[in-house]
Amino acid sequence: MLDSLSPDTARVLIGGAWRDTAETLPVLNPSTGEEIGRIARGTAQDIDDAVTAAQAAMDGDWGRMPAFERGRILTRIGRLVAEQVEALAEMEATDVGKPLKQARADAVALARYCEFYGGAADKVHGTTIPYLDGYTVYTLREPHGVTGHIIPWNYPMQIIGRSVGAALAMGNACVLKPAEDACLTALAFARLAQEAGLPAGALNVVPGLGSEAGAALSAHPGIRHISFTGSVATGGAVQKAAGGNVIPVTLELGGKGPQLVFEDADLDAALPFLVNAGLQNAGQTCSASSRILVQRPIWDELVRRMSDAYAAKRVGPAMEDHDLGPLISAVQKRRVEGFLDKGADLPVLARGAFVEGLPEGGNYVLPTLYGPVAQDHALAQQEIFGPVQVVIPFDTEEEAVAIANGTEFGLTSGIWTRDGARQMRLARAIRSGQVYINNYGAGGGVELPFGGIGKSGHGREKGFEALYGFSVLKTVAAYHG
Ligand code: NAD
């Protein structure tokens, strides 16, 4: 059984060794507000040491390891993660405040990413290209080298899986900077990776503040690729810093996911997706569906059914496994409450309820459904990252597309209609990295390329696309006459 508060949690992992840092940061339980441990406050020097250790791994055993051996190690990590699902889920629920069943799903997904990328490690390769007489031309897929991974607090395990998993599969050596609000499962993952035989330096973990360890990592000249998931503002700063070193950046930023519900939709099938895609993880999901677009003839019925579903939602401590847990932090709670203040002029359709005996120090917010909401209202435009959805009426298909595309984001979107031709038209017309037809989220499949358009970011993670992103294509042209 993993111990979430083992001494390693207040250390950084650099070159296979767990090191103390001069300063530490508190680990707060979002369900109670209590301090439950400490994590390291990594510095720019720690980042520098981690990059040096990662480069040594690239120059050593890790860099020379055959792809299938890398794959075997990843597969072993996946097996160890799978054996520890319950322990990891409890750790995540306590650290991040997500209900146990969501935390469990995240741990299962992490195991699945390791399994997928373990199997894929030796299946990505170059090609030969027919060319001029006397030439043999082929391409090689090579790792970037040392890759930086800056991840947020909302889905640490899933994002480690899709980002670090894919980078290791392609033979990169990683420096991971988890979010200061959610480090425990990242540290646990690193311990499991060591146990699975990952060579020293292939994965280095430096917890710390974004403005310190994060900024140092994104500007470090030894990093050859950065993968960032988080807010638009920070993503822009990371891209700017990385630009100084002219390295590629993958940005997975926010979203304002619409679901378009047409009058011919199967409402029984749609209802759980419409509500849960907005409230999963208390709305702290980049691919959350925070806008529900409803064709007017079914407005009354749909709004009534969504309101009933909202009224049944319960908010409580993560370990008690209610529908929603607390938000990650007091800061995030204030941020979401700021949006609720902005919505004071809007009609409230329904709210959920708190369970009895809620701990006083927790970061709890009631889920709230607003409608009808005008397309240009702040709550219909900005990413709230809390348990809030707006319902927007529309008449025609053209109007629905205009509303769906009418934000600066484009990450995920859903279409509910039985009309096959309309499904195909809308799948093309909507600006979005993923489009779901008669579902939302597609179960989060690790196989499915994921990423944004516009302010939702650029680059793709998950599936085989991530493996192309975490590698460089080299063309070799041999003239032999
Ligand atoms: P953030 O973008 O500030 O933090 C994400 C990661 O970036 C963390 O690891 C953080 O330490 C690091 N970071 C912060 N400043 C940095 C810097 N200057 N250089 C390098 N790294 C830095 O996100 P947040 O403050 O935790 O959350 C704020 C808002 O961001 C949320 O309310 C939400 O709207 C959005 N968000 C989006 C996602 C997503 O998955 N799209 C995830 C988390 C947060």
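Tabulated results
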item: Rounded to 5, percent antiparallel among DSSP beta bridges of the stretch 258-445; result: 10 percent
item: Under 19 Å from K455, Cα to Cα: aspartates and glutamates that are on another chain or at least 8 residues apart; result: E252, D376, E383, E408
item: Built amide H within the under 5 Å cut-off of L25, gap 5+; result: I39, A40, R41
item: Accessible surface of the stretch 182-249 [probe 1.4 Å, protein heavy atoms]: carbon and sulfur percent; result: 61 percent
item: With DNA, RNA and ligands ignored, accessible area of T94 (1.4 Å probe; Å², nearest 10); result: 40 Å²
item: Cα convex hull volume per residue for the stretch 435-481 (Å³); result: 133 Å³
item: Accessible surface of Y155 - all protein chains present, 1.4 Å probe, nearest 10 Å²; result: 20 Å²
item: Average projected area [Cα convex hull, the stretch 258-445], square nanometres; result: 10.3 nm²
item: Built amide H within the under 5 Å cut-off of V294, gap 5+; result: V261, I392, F394
item: Protection-proxy order for peptides 236-244, 100-108, each taking the mean of Cβ atoms within 10 Å per residue, highest first; result: 100-108, 236-244
item: Accessible surface, 1.4 Å probe, highest first, among residues I14, I36; result: I36, I14
item: The stretch 368-467 - convex hull of the alpha-carbon atoms, volume per residue in Å³; result: 118 Å³
item: Unsatisfied cross-links (Cα-Cα over 31 Å) in the set K123/K240; K101/K240; K177/K333; result: K123/K240; K101/K240
item: Using θ = phi - 60° and Karplus 6.51 cos²θ - 1.76 cosθ + 1.60, couplings along the stretch 150-162 (whole Hz; Gly, Pro as x); result: 10, 10, x, 9, 7, 9, x, 5, 5, 6, 4, x, 7
item: Spatial extent of the stretch 265-329: Rg and Dmax, with the Cα atoms as the point set, Å; result: 13.1, 41
item: Estimated vicinal HN-Hα couplings, Hz - the stretch 358-365 in sequence order (Karplus 6.51, -1.76, 1.60; Gly, Pro = x); result: 4, x, 5, x, x, 9, 8, 9
item: List R418, R314, R41, R79, ordered by accessible area with a 1.4 Å probe, largest first; result: R418, R79, R314, R41
item: Accessible surface, the chain, averaged per residue in Å² (probe 1.4 Å); result: 38 Å²
item: Heavy atoms of L209: accessible area, 1.4 Å probe, square angstrom to 10; result: 40 Å²
item: Radius, Kirkwood style, for the stretch 75-208 when every pair of distinct Cα atoms is counted (Å); result: 15.7 Å
item: Stokes-Einstein translational diffusion, the chain - Kirkwood Rh over all Cα pairs, 0.890 mPa s, 25 °C, in µm²/s; result: 106 µm²/s
item: Two-decimal log10 I(q)/I(0) for the stretch 203-263, as the Debye equation yields it once each C-alpha is a single scatterer, q = 0.18, 0.20, 0.23 Å⁻¹; result: -0.64, -0.75, -0.95
item: Carbon and sulfur %, accessible surface of the stretch 258-445 computed with the full protein complex present, 1.4 Å; result: 50 percent
item: Amide hydrogen neighbours beyond the local backbone of H144, cut-off 5 Å, H modeled; result: V472
item: Viscosity 1.567 mPa s, 4 °C: Kirkwood-radius Stokes-Einstein D of the stretch 115-169 over Cα pairs, µm²/s; result: 93 µm²/s
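The values are calculated or read from the model by the stated rules, or taken from the named source; none is laboratory data. Owing to the predicted nature of the structure, the values given are computational and were not obtained by experimental measurement. Don't worry about glycine lacking a Cβ; one is built from the backbone with ideal geometry, like all the others, and counts go over all protein chains shown. Just the protein is used for accessible areas: all its heavy atoms, side chains included, with ligands, DNA and RNA removed. Shrake-Rupley method; radii C 1.70, N 1.55, O 1.52, S 1.80 Å.
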